[in-house]
Amino acid sequence: MRHRSTLTRTIGAMALSALLASTGALASSHMDAPLITLDDPANTTDVYAFVAESEGRKFLSTALAVNPFEEPGIGPNAYRFDDRVRYEIHVALGEDLAVGRPTVTYRFDFRTEFPDRGTILQGFLGTIRDIHDDAQNLRQVYDVTRIDRRVRDKRRRPQTTVIGRNLPVPPNNQGNVTPEYNQGSDGEQRAREGVDSFGALDRYTQQAVQFLEGGHVVFAGQRDDGFYADIQAIFDLLALRSGNDRFDSQGGFNVHTIALNIPVEELGGDLQQVGVYATTSRPTIKVVRRRGKTRAVERFVQVARQGNPLFCEALVAIEDKDLYNRTTPQVDRELFAKYALEPELATLLGAIDRDRTDLAAIFIPDVIKVDLSTGPARLAGGGAAHATNPDDPGFHRLGFFGNDRLTSRIDEGFGGGLIPGGWPNGRRFGDDVLDIAITAVISDLRPVLGRPAGTPIGQPIVSVADGIDNVNENDISYNRVFPYAATPLNGRNHPHH
């Protein structure tokens, strides 16, 4: 296929239109594979990983979101983490990174209780002033367990340590019964916008942020869905909107999010690149008969996994999507590398569709690669012009396509140690992953990504546009302080965009 020296927005849009008209397959709709769409609490919607700093300490900040399209304020039952789902965030270090093998795993196990079961008021008995006060009738707590495969006992079992017990989950944002989530502490108003300091967070979120052994910081609870895109238009034969006509298909919806800050010293220091992905698993029962006795053995089976955005949905063929969710990144080179090296998406876009070592460098193994040697990632707030919570100076939603770059101490990058400030070097809240992915597919990044040792470093061919889908920001501003994800939207006052 002929290599292109330039790619304009018009050509890209025409090619994308042809793709969607013929296949209807693109973007991160949170419905990545057929089977997992039937299991919302285990459905991994997004994974985030980036370098952060707080009070002079450096962290690998990670997050896993599940349960897509939560309608705020639904009742009488409520969205929540599932007690029968095992949620895990995995980090690959050293030699494990190249093969996609988890070195350290953080496991989250939830428990749900209803203090008053003699009422129809399942979630709330009155206005909640503090999390788990008498008015919160649906209560969840969770434990955090670290599984460290760098340390093993005499039977070669990894070191397993519970680093947090009975940690509280805050209530969902119903409206008047959860006023502190909302502007002016008024349940009739919209949810609070993002902030840039811990003390400015709403009362419930502050109380739910937990500081654990070894310097870990954790939060689990309902949050706004931080992914933004016009999924409806993309799957409606690319009937894209223009001008001021914008529609964020995830706008107005919440998800449940686990956020975890991991001190870099717990991972062996910052002069390294690490890989992050997440999984969910459900228990199965196996009946074992031995010596005339029968017993039931419970074991967990993985039902979903998530690394980089868009890989399973936009590149992996239908016949392998459910298989992807049942496997680990350790088999990606054998089973799924072909989808990155010879992407059908590139063929349909009229882009280079052979020997895409640049895309393979991003997606294989499918873990989010994060260079820990940089300074903290620039964070999104509410946009550069936001009055009280602007983006960090230099933040760009298109990452390195928008000249948002960080300096690495371990990677030559684009020259001078410059590497992407956002995805595919980590993924931040606010990264426009749809536009970044399409720009990457229609560009030739092989001189930069996936290059053999000694290959001269060139500049990527880019097509920086206003946006494929005309949605360039989230429906509510993010926090620039842990847990970074935006306030859950108010069940009483929330527009769908």
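Please treat every number below as a calculation from the coordinates, not as lab data. As the structure is a prediction and not an experimental result, all values here were calculated from the model. Cβ coordinates were reconstructed from backbone atoms using ideal geometry, including for glycine residues, and neighbour counts include every protein chain displayed.
Residue by residue, here is whether (1) in a loop (DSSP other than H, G, I, E, B); (2) surrounded by 18 or more Cβ atoms within 10 Å (Cβ to Cβ); (3) out of contact with any Asp or Glu (no Cβ under 9 Å at 6 or more places or on another chain); (4) among the β-branched types (Val, Ile, Thr) holds:
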position: 345; (1), (2), (3), (4): no, yes, no, no
position: 354; (1), (2), (3), (4): yes, no, no, no
position: 359; (1), (2), (3), (4): no, yes, yes, no
position: 397; (1), (2), (3), (4): yes, yes, no, no
position: 400; (1), (2), (3), (4): no, yes, yes, no
position: 415; (1), (2), (3), (4): yes, no, yes, no
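For residue 180, the conditions (1) more than 25 Å from the chain's Cα centre (by Cα); (2) buried (at least 19 other Cβ atoms within 10 Å of the Cβ); (3) of a type outside the set (Ser, Thr, Tyr); (4) not in a helix (DSSP H, G or I) are fulfilled apart from (4).
Whether any residue in the range 167-174 is over 24 Å from the mean Cα position of the chain (by Cα) and of a type in the set (A, V, I, L, M) is what I want to check. Looking for residues that are over 24 Å from the mean Cα position of the chain (by Cα) and of a type in the set (A, V, I, L, M), one finds none in the range 167-174, hence no. For beta carbons closer than 8 Å, sequence separation of 6+ or different chains, a first residue in the range 178-191 that is within 13 Å of residue 129 (Cβ to Cβ) and a second that is surrounded by fewer than 17 Cβ atoms within 10 Å (Cβ to Cβ) and of a type outside the set (Ser, Thr, Tyr), the qualifying pairs are 179/186; 180/129; 187/176. Residues that are more than 23 Å from residue 61 (Cβ to Cβ) and among the β-branched types (Val, Ile, Thr): does the range 165-173 have at least one? There is no residue in the range 165-173 that is more than 23 Å from residue 61 (Cβ to Cβ) and among the β-branched types (Val, Ile, Thr). Residues in the range 417-445 that are in contact (Cβ under 8 Å) with a residue 60 or more places away in the chain, outside any loop (DSSP other than H, G, I, E, B) and under 22 Å from residue 276 (Cβ atoms): 427, 433, 434, 437, 440.
Working carefully through the options 136, 122, find the one that is surrounded by 23 or more Cβ atoms within 10 Å (Cβ to Cβ), over 18 Å from the mean Cα position of the chain (by Cα) and either among the charged types (D, E, K, R) or farther than 18 Å from residue 282 by Cα (or both). Show your work before the answer.
Values: 122 fails: surrounded by 23 or more Cβ atoms within 10 Å (Cβ to Cβ).
One residue alone meets the criteria, 136.
Return a yes/no flag: does the range 345-359 have any residue that is in contact with a Leu (Cβ under 7 Å, 6 or more places away or on another chain) and small (Gly, Ala, Ser). Looking for residues that are in contact with a Leu (Cβ under 7 Å, 6 or more places away or on another chain) and small (Gly, Ala, Ser), one finds none in the range 345-359, hence no. Can you tell me which residue is farthest from the chain's Cα centre (by Cα) among those in the range 139-166 that are basic (Lys, Arg) and in a strand (DSSP E or B)? Of everything passing the filter in the range 139-166, 152 is farthest from the chain's Cα centre (by Cα).
For the range 188-243, what are the residues that are assigned to a helix (DSSP H, G or I) and buried (at least 21 other Cβ atoms within 10 Å of the Cβ)? Full working, then the answer.
Our first condition is that a residue be assigned to a helix (DSSP H, G or I); within the range 188-243, this holds for 198-200, 203-208, 213-215, 231-235.
Across the range 188-243, the qualifying residues are 204, 205, 208, 231, 233, 234.
Of all residues in the range 361-390 being charged (D, E, K, R) and part of a loop (DSSP other than H, G, I, E, B), which is surrounded by the fewest Cβ atoms within 10 Å (Cβ to Cβ)?
Of all residues in the range 361-390, those charged (D, E, K, R) come to 366, 369, 371, 378.
Applying the additional criterion that residues be part of a loop (DSSP other than H, G, I, E, B) yields 366, 378.
Numbers: 366: 26, 378: 21.
For the range 361-390, the residue satisfying everything is 378.
Among the residues of this structure, residue 78 counts as one that is of a type in the set (Gly, Ala, Ser), in contact (Cβ under 8 Å) with a residue 60 or more places away in the chain, farther than 17 Å from residue 279 by Cα and assigned to a loop (DSSP other than H, G, I, E, B).
Which members of the range 36-60 meet the condition of being over 17 Å from residue 227 (Cα atoms) and either touching a Leu at 6+ places or on another chain (Cβ under 7 Å) or in a strand (DSSP E or B) (or both)? Don't jump to the end; show me each part of the working.
Within the range 36-60, the subset over 17 Å from residue 227 (Cα atoms) is 36-39, 41-42, 51-60.
Matches in the range 36-60: 51, 52, 53, 54, 57, 58, 59, 60.
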